[in-house]
Amino acid sequence: MGAFIYGVILQWKLDLRNKGILVTYYLVPLLFFLFIGTIFTSINPLAKDTLIQSMTIFAITMGAFLGTPIPLVELYSGDIKKAYKVGGIPIWVGVVNNYISAFVHLMITSLIIFLVAPLVFDARLPDKPLPYFGYLSIFLITCISIGVVLGLYIKSISKLTMFSQMLFLPSMMLSGIMFPTDMLPKVLENVGFLLPATWGLRILTSSEPKILWFLPLLLFFLVAIILGACKLSRIAMD
C-alpha cells in the first residue's frame, strides 16, 4: 500500500514538472477563466450565475482530454513499459497513478475557480456546495476515463493532439459553455448530447439535477473502462 501511495505522489510531482501537463491543467484553463470571465460578465451580468460551472467544465474538459493522456502515451509507447514488466509491476499501475494524479490536479483547478470567481467577478456560488462537488467529481471521473482511453490507444503526441482537439473543441462550442445551446442549429444541438460536457453543465447548473442526466455520464464511463481494460490486457501480453 505504501508503494502504491508513493507511486501516486511521484506521478503527481512528475506532472508538475511536465510543461505540457502544467499548461493544460492549470495555466491555460485559469487564464481562460480570467479572460473570458471578464468578457462574459461585462457583456451579460447574468453570466455571473453560471460562470463557476461553465469555466469549471472548460477546465476539466481541457485537462482531461489534452493533459491526462500525455503521461500514458509516454509510458506505454516507450521503453518505460518494459521496465514495468522487468520490475514485476502490474501494467495497470501506471494508469491508476495517472488517473488519481489527474483527479487531484483538476480538482485543485476547479477549487481555485470556485474560490476566485466570487471575489473577482462577483459570481454566484452554487446553492448547495457539498452536492455540487459530488456532482463535479462524477463529471471529473468520467472525463478522465475518456482521457485515459486516448492515452492508451494513441501512440504519439502529435496524433494525440489531433484526436484530443476533436473532442475538446466540440465540447467547448456545443455544450453551452460559450453560449446557450438553443442558439445552435438543431443538428449541432443534438450532437452536443453526445459530449460529457453538455451533461456536466446541465447537472452542475441545476439545484436539483435529474437522475436521468447522470446516465450518459455513466455510459461514457463504462465504455471507457471496457476499452481501457481491453487495451491494457493487450499491452500486458505484448
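All of the numbers you see were taken from the coordinates with simple rules; none came from a lab. A quick note: this is a predicted structure, and the numbers were derived from the prediction, not measured. Backbone-built Cβ (ideal geometry, glycine too); neighbour counts: all protein chains shown.
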Place the peptides 57-67, 197-207, 28-38, 213-223 in order of packing, highest mean first, counting for every residue the other Cβ atoms within 10 Å and averaging per peptide. 57-67, 197-207, 28-38, 213-223
For the chain, longest principal axis from Cα atoms; helix 157-174 axis from its Cα atoms; angle between them, nearest 10 degrees, is 20 degrees
In Å and whole numbers, how far do the C-alpha atoms of the stretch 177-238 stretch along each principal axis, longest first? 49, 27, 17
Sort 118-128, 149-159 by the packing proxy (mean of other Cβ within 10 Å over each peptide's residues), most packed first. 149-159, 118-128
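Arrange the following residues from fewest to most other Cβ atoms within 10 Å of their Cβ: S145, S164. It would help to have the intermediate numbers written out before the result.
On the way: S145 22, S164 25.
By the 10 Å Cβ count, ascending: S145, S164.
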Using 7 Å Cα-to-Cβ label points, what is the M178/S233 separation (nm, one decimal)? 4.0 nm
The FRET efficiency for K19 and L194, from their Cβ-Cβ distance with R0 = 30 Å and rounded to 0.05, is 0.40
Pairs of Cα atoms farther than 21 Å apart, the chain, %: 57 percent
Note to self: C-alpha centroids of the stretch 43-78 and the stretch 169-238 sit apart, in Å, by 13 Å
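Neighbour counts of other C-beta atoms within 10 Å: give me E208, E189 arranged from fewest to most.
On the way: E208 7, E189 16.
Final ranking by Cβ density, sparse to dense: E208, E189.
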Please order V95, V148 by the number of other Cβ within 10 Å, starting at the fewest. V95, V148
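Find the relative contact order for the stretch 2-237 and round it to a whole percent, using C-alpha pairs within less than 8 Å whose residues are 6+ positions apart.
26 percent
Explain nothing, just the number: dipole magnitude of the stretch 2-237 about its Cα centre with +1 on each Lys and Arg Cβ and -1 on each Asp and Glu Cβ, in debye rounded to the nearest 20. Provide the component values of the computation, followed by the final result.
Details: 16 positive and 9 negative charges, 149 e Å.
The calculation lands at about 720 debye.
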Among 19-25, 69-75, 174-180, how do they line up by average Cβ neighbours within 10 Å per residue, starting with the highest? 69-75, 19-25, 174-180
